[in-house]
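A short write-up of the structure that comes next.
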Amino acid sequence: MFNGDYMKWLVIIFCIMISAGLFAVVQGEEHTITMVGEGTVTVPADAAMVSVSVESNNENMTEARAEVQTKIDNLLNVLKKAGVKDADILPGQSSGITSFQSSSKVCKRVNNTTVCENNAQKVSSLERSTVVRLNTTDESSINQVLNAARSTGAEAYVAAYSLSDTSKAMAEARQKAMANARENAAQVANEAGGSLGKVLDISDYGYPGVEAASPGGSGQMNMIDVTSGVIVTYEFIV
């Protein structure tokens, strides 16, 4: 996923590449220009990631673990009856313990005597959660699964939208990145009084980015941004 830090380093490397390319051109040593390019395509999501969780407030951790296990087993059985397949339930479950303690002291006068009482409150809970991948973005189908989960007392919500196969979108993003690199390199070559020749080397920069607009976020709902970064070295023709 491409974030602000990625963009910052991309700009830095971009500037370095321009400087390096200009230096090679001016000195006439390597006669190459190396440039960074970035391309992004936005495509509709085709899957929804649903987070489901159960909890127990039993202070006895042994009993709490047994309770959440029973609840999660019941939850998964209900989800399967609602159409969720075993393959849709992502492997692995996460657990967490929440503990809260508070104390207070209340004093009052009784028969000219001050009587104080200490009140202590302790709340703890054990939670277990898992993620279900639904191969649809249809709202009614998603709500059916959410309502089924909530009917067991579990918490359920859409955590994110995703794309099952990113290969096509990634190929389009890479083409845009290549075009972006060539455009930038051509500008540098023109300013140096020459032109671009053939491509000598291509390498991917960083990791391919796949970013979805989260529910309730500022991005367009159910849309995925797929980003590619490349570093391309061109022959420089004087």
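Tabulated data
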| item | result |
| --- | --- |
| Flag for GLU59 being charged (D, E, K, R), farther than 30 Å from SER140 by Cα and at pLDDT below 90 | yes |
| Count of residues meeting criterion [under 22 Å from ASP138 (Cβ atoms), among the polar types (S, T, N, Q) and at pLDDT 75 or above] in the stretch 207-238 | 1 |
| Residues of the stretch 151-192 classified as more than 14 Å from VAL232 (Cα to Cα) and either in contact with a Gly (Cβ under 7 Å, 6 or more places away or on another chain) or not in a helix (DSSP H, G or I) (or both), total | 18 |
| Among the candidates LEU126, LEU76, residue that is part of a helix (DSSP H, G or I) and either modelled with pLDDT of 75 or more or closer than 30 Å to ASN147 by Cβ (or both) | LEU76 |
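The values are calculated or read from the model by the stated rules, or taken from the named source; none is laboratory data. Given the structure is predicted, the values throughout are model-derived calculations rather than measurements. Cβ coordinates were reconstructed from backbone atoms using ideal geometry, including for glycine residues, and neighbour counts include every protein chain displayed.
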